[in-house]
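Colleague: Okay, handing you the structure first.
The values are calculated or read from the model by the stated rules, or taken from the named source; none is laboratory data. What you see is a predicted model; the values in this text were computed from it and never measured. Quick reminder, even Gly has a Cβ in these numbers, built from the backbone with ideal geometry, and neighbours come from all protein chains shown.
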Amino acid sequence: MPRHNSVTMGTFLRDGKSMLLAYDQGFEHGPSVDFNDKNVDPSYVMDIASKGGFNGIVFQKGVAEKYYDGKVPLIVKVNAKSSLPKGDPNSKQNCSVEYAVTSLGARAIGYTIYLGSQLEGEMFQEFGAIQEEAHERGVPAIAWVYPRGQAIANDSSKEIVAYAARVGLELGADAVKIKYTGDPESFSWAVKSAGRAHVFMSGGPKAPTDQDFLNQVKGVIQAGATGLAVGRNVWQNENPVQMANYLRQIIFEKKTVESLVTS
């Protein structure tokens, strides 16, 4: 049997579901956009990952080197871009798979692809090589597939989100992180389009209320997704561990939002 067939997302799953804590936004957006005096400190977020019962945490290389404590399985994002250049985005590799796995202890590799960018081909090619090396080292490759660029009119439409999910599958991703379409019916088409690749909802910007965000997560689970990779809606929350508890109950225990919080 081919070696790569033994690579699974099992480290990050519980009963087939998962919730990951993402903290790569500092590179992508800059510290003045998403951070306050508490969450600008990676130690604060590492502590949330552990106390909140997350199945994995996402760091860039430098943060992993200095703050990862081994208490939660690590996903290293091996590419990034800043928000400063204009035009269609291109996110290039800045950390080797070898270093992420052997030196940092990564249990999975993450990589962002900007589908629809005029430079998408460069990212497709780079992820292809990264996925192959990750599998050679026995770890899964997760694709953040975000439709961006002049060609994209609506990055959360049913059609474009399903396209993002399918591109991840076609490129060999073991899991895809994609935007929510807004309702479980349309998001289920993205889940089907991803085939055997696990689907994680991208947490996105802080939702207006906790209930709004939890309703999104409930819809994602109803659509058949594996779970979510959330950042700001947890570590920007006034009580991040409580929010994590709500998420666990919805994802793993199938609780209703109404039973947890009220508007």
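Colleague: Conditions: (1) modelled with pLDDT under 95; (2) more than 25 Å from Val33 (Cα to Cα); (3) of a type outside the set (S, T, N, Q). Lys86 meets all but one. Number of the miss?
Modeller: (2) is the only condition that Lys86 fails.
Colleague: Failed condition for Leu228, given (1) part of a strand (DSSP E or B); (2) modelled with pLDDT under 95; (3) not aromatic (Phe, Trp, Tyr), with all others met?
Modeller: In the conditions (1) part of a strand (DSSP E or B); (2) modelled with pLDDT under 95; (3) not aromatic (Phe, Trp, Tyr), Leu228 misses (2) alone.
Okay, residues lined up against (1) under 18 Å from the mean Cα position of the chain (by Cα); (2) within 24 Å of Ala223 (Cα to Cα):
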position	(1), (2)
Gln93	yes, no
Ala106	yes, no
Glu120	no, no
His135	no, no
Pro140	yes, yes
Gln150	no, no
Tyr163	yes, yes
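Colleague: Shifting gears a bit: Which of the residues that make up segment 162-192 are part of a helix (DSSP H, G or I), crowded, with 24+ Cβ neighbours inside 10 Å and among the aliphatic types (A, V, I, L, M)?
Modeller: Going residue by residue through segment 162-192, those that are part of a helix (DSSP H, G or I) are 162-170, 184-192.
So of that shortlist, the ones also crowded, with 24+ Cβ neighbours inside 10 Å come out as 164-165, 168, 187, 190.
Ala164, Ala165, Ala190, listed by residue number.
Colleague: Within segment 231-263, count every residue that is in contact with a strand residue (DSSP E or B) (Cβ under 6 Å, 6 or more places away or on another chain), assigned to a helix (DSSP H, G or I) and crowded, with 19+ Cβ neighbours inside 10 Å. Please lay out each step first, then the result.
Modeller: Step one: filter segment 231-263 for residues in contact with a strand residue (DSSP E or B) (Cβ under 6 Å, 6 or more places away or on another chain), giving 231, 247, 251-252.
Adding the requirement that they be assigned to a helix (DSSP H, G or I) leaves 247, 251-252.
Add one more test, that the residue is crowded, with 19+ Cβ neighbours inside 10 Å, and what stays is 247, 251.
Matching residues across segment 231-263 total 2.
Colleague: Here's another thing I want to ask about it. Can you run down the residue pairs with Cβ atoms below 7 Å, 6 or more apart or on separate chains, where the first is in segment 9-36 and at pLDDT below 95 and the partner is acidic (Asp, Glu)?
Modeller: Listed pairs, sorted by first residue: Gln25/Asp34.
Colleague: Follow-up question, since we're still on this one. His198 is checked against (1) surrounded by fewer than 24 Cβ atoms within 10 Å (Cβ to Cβ); (2) touching an Asp or Glu at 6+ places or on another chain (Cβ under 8 Å); (3) not hydrophobic (A, V, I, L, M, F, W, C) and fails just one. What number does that condition carry?
Modeller: If we test His198 against (1) surrounded by fewer than 24 Cβ atoms within 10 Å (Cβ to Cβ); (2) touching an Asp or Glu at 6+ places or on another chain (Cβ under 8 Å); (3) not hydrophobic (A, V, I, L, M, F, W, C), just (1) comes out false.
Colleague: Continuing with this model, one more query. Considering only residues that are under 16 Å from Leu228 (Cα atoms) and either in contact with a Cys (Cβ under 9 Å, 6 or more places away or on another chain) or in a helix (DSSP H, G or I) (or both), which ones fall in segment 133-161?
Modeller: Val161
Colleague: Could you list, in sequence order, the residues of segment 64-87 that are within 18 Å of the chain's Cα centre (by Cα) and farther than 26 Å from Met19 by Cβ?
Modeller: Going through segment 64-87, the residues within 18 Å of the chain's Cα centre (by Cα) turn out to be 64, 68, 72-82.
Ser82, the sole residue that qualifies.
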